[in-house]
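Chemist: This is the structure, below, for whatever I ask next.
The values are calculated or read from the model by the stated rules, or taken from the named source; none is laboratory data. Quantities reported herein were computed from a predicted structural model and do not represent experimental measurements. Cβ sites come from the backbone with ideal geometry, for glycine too, and all protein chains shown count toward neighbours.
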Amino acid sequence: VRNLFCLSTLAVSVACLAGAYLPQPGWAGPLVVSGVCLLQAAVWVRPFKGLASVNLALYTGLAGVRLLEDAAPLLLTIGTTAALAYWELIQFRHKQWTGSPAGELAGRSRAVEADPALFRYHLQSVGLAAGLGLLLVGIGWVVRLPLPFGVVVGLVLVLFWGLNRALRWFV
Amino acid sequence: MSTKSLFIVLILYSLVLSALLSRSGNLLLLSLPFLAYLAVGVLRSPGPIRVSARRAVNVSGPDGAAEIHVQVILSNQGEAIPAVFLSEPVPPGTRLASGVVEKRVGLPAGEAVELDYTLRSNRGSYTWEAVHVCASDPFELVTREWDIPAQAEARVAPSRVRLRHIPLRPRSTHLSTGSLPARRSGSGTEFWGVREYHPGDSLRRLNARLRARHPGRLFTNEFEREEIVTVGLILDGRALADVAGREIPLFEHAVRAAASLAEAFLREGNRVGLLVCGESLIRLTPGYGKAQLHSILCALARVRTGAGASLESLKYLPVRLFPSHSQLIMISPLAPGDLPVYTRLRAEGYPVLLLSPDPVAYATAYAVASAVPPIGKDRVSALAVRAARLERRLQLRQLARLGVQVVDWPVDRPLDERLRAALMGITARMGR
């Protein structure tokens, strides 16, 4: 079941990126899609530390580049959400293998017991985050407010300040 | 902030700044899934945490190769914790036989999680101070780590061999019936001498041959009294006296010998004390019985060789630890320069028995086993071994001249056999 969810998110993310890049003429589209596909597969087979994160950053960057050209925004947003879910699921799976949250316990004789209830809760949280993200995107897509640039900058600064305060409070 | 949350925040900031610079609303929308992910993680992070830990340790199996069963129970008395990572250190010198030492679970309010594992261990003393717990949200964006006190200790005593009666002939004994000859007549089993019959002597002890030779006179057989003795076991735990390399280091053989000797002497009712000059100086005043054996085994469980250890402390042996004329048994492989220590002990009137595990034979056997270099074919190594043997033999001879009873013990031979062979020989020579 775990693998099924991981593979689904992987397939959705790759398909969305392919949908955004393959209609592009020339060799760049297939190259980008096959490169990302290979990297995602590498993360699946051997979850090297940091490779999954590099992959997510790359995916987001590629999606951002294509979005700047106003190409398939909905597809790319869905794909990025799926890539984020894949990144989270693959990291969770990797931790179930190796145990420690940050690898600080490496080197000791270890055995980790996975908890099905925790996996369900985790999956539920991933679903909730993805759903909430897509809902926000949908609302943003539908409700287009023509705001002046200064207001947008102000809102972004408020967002940054709020995020900073929230992270300091919780983290 | 965890690396994960930092990474997501960085992506979020990059997207928002890129959206601002490019004035792209689509790019701003792309940041929303990351914001939602962060929000879910932060909102699902654990609240105030109130957990307690309990640890139970149980040692089973034979001494020297025991199994330590450890059970850790973590109870949650506060709110539910979405994800708990529970980890236990595996003490050095032990290996995991079964069970798990790390667990990642969700911990609902009022419930408990149990960690159950078994370690296999040789001799040693193992302590646990705390349980390492890491509580977090399901994404591990907000993590809190701490150690919950849950102390426990497990000791695995050294393995022992059952020794037969050790034929010592101590100079001084206690006036309590025991098993060692007291060098005076009394009730015993060994023949001591003959004297004139006194009224009240048992007729069973009349010497028939002398009565026949001397008509009209009666003679009584006397037997050597058997009493208990105070034995001081001194274990040499200097790192320089140890030879490692095999599966069982030489020091381990010495520890096992000390445990076996303590058990043998205590079984026969003697008082036994212990002094270990190792990583730390361990002293146990002489005592009797099973309680003393337990104390000695516990002390031997935790002894380790020490680089800074020295036999210098033997110069000032407290009388309370080893009373004057008590039988000292040194268990030491013997190092160059040890002679003055033995000289001083003998000068103070202690009868000393040296049980010396042979480091040269041990090291040679190891070299032969590993075949690097092949002893006998390599001329230099063969000469080195010969020189070491000669030096050791010379040292042992010097000690014997001092009046130290020497038992040279190649550790691949049974201790019981070596002790009896050496002590019987010494007794026979003393008799002559």
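Chemist: With the condition kept exactly as written, say whether any residue in region B:195-205 is closer than 30 Å to residue B:93 by Cα and in a helix (DSSP H, G or I).
Modeler: no
Chemist: How many residues are more than 17 Å from the chain's Cα centre (by Cα) and either surrounded by 18 or more Cβ atoms within 10 Å (Cβ to Cβ) or facing chain B (nearest Cβ under 7 Å) (or both) if we restrict to region A:115-129? Reasoning before the result, please.
Modeler: Step one: filter region A:115-129 for residues more than 17 Å from the chain's Cα centre (by Cα), giving A:115-121.
Now drop any that are not either surrounded by 18 or more Cβ atoms within 10 Å (Cβ to Cβ) or facing chain B (nearest Cβ under 7 Å) (or both), which leaves A:115, A:117-119, A:121.
Final tally of qualifying residues: 5.
Chemist: Right, next: Cβ-Cβ distance below 9 Å, separation of 6 or more or different chains: which pairs start in region A:130-156 with a residue that is more than 8 Å from chain B (Cβ to nearest Cβ) and end on one that is outside any helix (DSSP H, G or I)?
Modeler: Once the first residue is more than 8 Å from chain B (Cβ to nearest Cβ) and sits in region A:130-156, its partners that are outside any helix (DSSP H, G or I) give A:155/A:147.
Chemist: Checking the condition in a helix (DSSP H, G or I) and among the β-branched types (Val, Ile, Thr), which residue from B:296, B:234, B:248, B:282 passes?
Modeler: Numbers: B:234 fails: in a helix (DSSP H, G or I); B:248 fails: in a helix (DSSP H, G or I); B:282 fails: in a helix (DSSP H, G or I).
Going through B:296, B:234, B:248, B:282 in turn, just one is in a helix (DSSP H, G or I) and among the β-branched types (Val, Ile, Thr): B:296.
Chemist: Look through B:94, B:118, B:127, B:143 and report the one residue that is outside the structural domain of residue B:303 (by TED's automatic domain parsing), touching a residue at least 60 places away in the same chain (Cβ under 8 Å) and in contact with a strand residue (DSSP E or B) (Cβ under 6 Å, 6 or more places away or on another chain).
Modeler: Working: B:94 fails: touching a residue at least 60 places away in the same chain (Cβ under 8 Å); B:118 fails: touching a residue at least 60 places away in the same chain (Cβ under 8 Å); B:127 fails: touching a residue at least 60 places away in the same chain (Cβ under 8 Å).
It is B:143.
Chemist: Among the residues of region A:22-41, is there at least one that is more than 14 Å from the chain's Cα centre (by Cα) and of a type in the set (Val, Ile, Thr)?
Modeler: Within region A:22-41, one or more residues are more than 14 Å from the chain's Cα centre (by Cα) and of a type in the set (Val, Ile, Thr).
Chemist: Ok, one more. Could you count how many residues in region B:44-89 are part of a loop (DSSP other than H, G, I, E, B) and either within 13 Å of residue B:133 (Cβ to Cβ) or within 14 Å of chain A (Cβ to nearest Cβ) (or both)? Explain how you work it out, then say what you get.
Modeler: Step one: of region B:44-89, the residues part of a loop (DSSP other than H, G, I, E, B) are B:44-50, B:61-65, B:77-80, B:88-89.
Okay, now just the ones that are also either within 13 Å of residue B:133 (Cβ to Cβ) or within 14 Å of chain A (Cβ to nearest Cβ) (or both), so B:44-50, B:78, B:80, B:88-89.
The total comes to 11.
Chemist: For residues that are in contact (Cβ under 8 Å) with a residue 24 or more places away in the chain and among the acidic types (Asp, Glu), scanning just region B:150-209, find the one that is nearest to residue B:353 (Cα to Cα). It would help to see each step written out before you state the result.
Modeler: If we filter region B:150-209 for residues that are in contact (Cβ under 8 Å) with a residue 24 or more places away in the chain, which is where we start, we get B:150-196.
Those left that are additionally among the acidic types (Asp, Glu): B:153, B:190, B:196.
Numbers: B:153: 35, B:190: 22, B:196: 37 Å.
My answer is B:190.
Chemist: Looking only at residues in region B:321-343 that are under 24 Å from the mean Cα position of the chain (by Cα) and surrounded by fewer than 20 Cβ atoms within 10 Å (Cβ to Cβ), which one is modelled with the highest pLDDT? Spell out the reasoning first.
Modeler: Of all residues in region B:321-343, those under 24 Å from the mean Cα position of the chain (by Cα) come to B:321-322, B:327-335, B:338.
If we keep only those that are surrounded by fewer than 20 Cβ atoms within 10 Å (Cβ to Cβ) too, we end up with B:321, B:335.
Working: B:321: 79, B:335: 85.
Ranking the qualifying residues of region B:321-343, first place goes to B:335.
Chemist: Of the residues B:200, B:216, B:188, B:232, only one is surrounded by 15 or more Cβ atoms within 10 Å (Cβ to Cβ), small (Gly, Ala, Ser) and modelled with pLDDT of 85 or more; which?
Modeler: On the way: B:200 fails: surrounded by 15 or more Cβ atoms within 10 Å (Cβ to Cβ); B:216 fails: surrounded by 15 or more Cβ atoms within 10 Å (Cβ to Cβ); B:188 fails: modelled with pLDDT of 85 or more.
B:232 is the lone residue from the list that is surrounded by 15 or more Cβ atoms within 10 Å (Cβ to Cβ), small (Gly, Ala, Ser) and modelled with pLDDT of 85 or more.
Chemist: Please enumerate the residues belonging to region B:23-42 that are more than 7 Å from chain A (Cβ to nearest Cβ), under 14 Å from residue A:81 (Cα atoms) and among the small types (Gly, Ala, Ser).
Modeler: Within region B:23-42, just B:31 meets the criteria.
Chemist: Residues in region B:10-22 that are in contact (Cβ under 8 Å) with a residue 12 or more places away in the chain and more than 7 Å from every other protein chain (Cβ to nearest Cβ): how many?
Modeler: 2
Chemist: Here is a list: B:86, B:74. Which entry is touching a residue at least 12 places away in the same chain (Cβ under 8 Å), surrounded by 22 or more Cβ atoms within 10 Å (Cβ to Cβ) and under 31 Å from the mean Cα position of the chain (by Cα)? Don't jump to the end; show me each part of the working.
Modeler: Working: B:74 fails: under 31 Å from the mean Cα position of the chain (by Cα).
Residue meeting the stated conditions: B:86.
Chemist: Are there any helices (runs of 4 or more DSSP H) wholly within region A:1-92 with 2 or more residues that are within 12 Å of chain B (Cβ to nearest Cβ), and if so which? Talk me through it step by step, then tell me what you get.
Modeler: Working: elements: A:2-21, A:28-45, A:51-68.
Filter on region A:1-92 gives A:2-21, A:51-68.
Results for (1) farther than 14 Å from residue A:6 by Cα; (2) acidic (Asp, Glu); (3) modelled with pLDDT of 90 or more, shown as yes or no for each residue.
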site	(1), (2), (3)
A:30	yes, no, no
A:42	no, no, no
A:52	no, no, no
A:57	yes, no, yes
A:74	yes, no, no
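Chemist: Spot the failing condition for residue B:141; the list is (1) assigned to a strand (DSSP E or B); (2) at the interface with chain A (Cβ under 9 Å from one of its Cβ atoms), and only one is missed.
Modeler: Residue B:141 satisfies every listed condition except (1).
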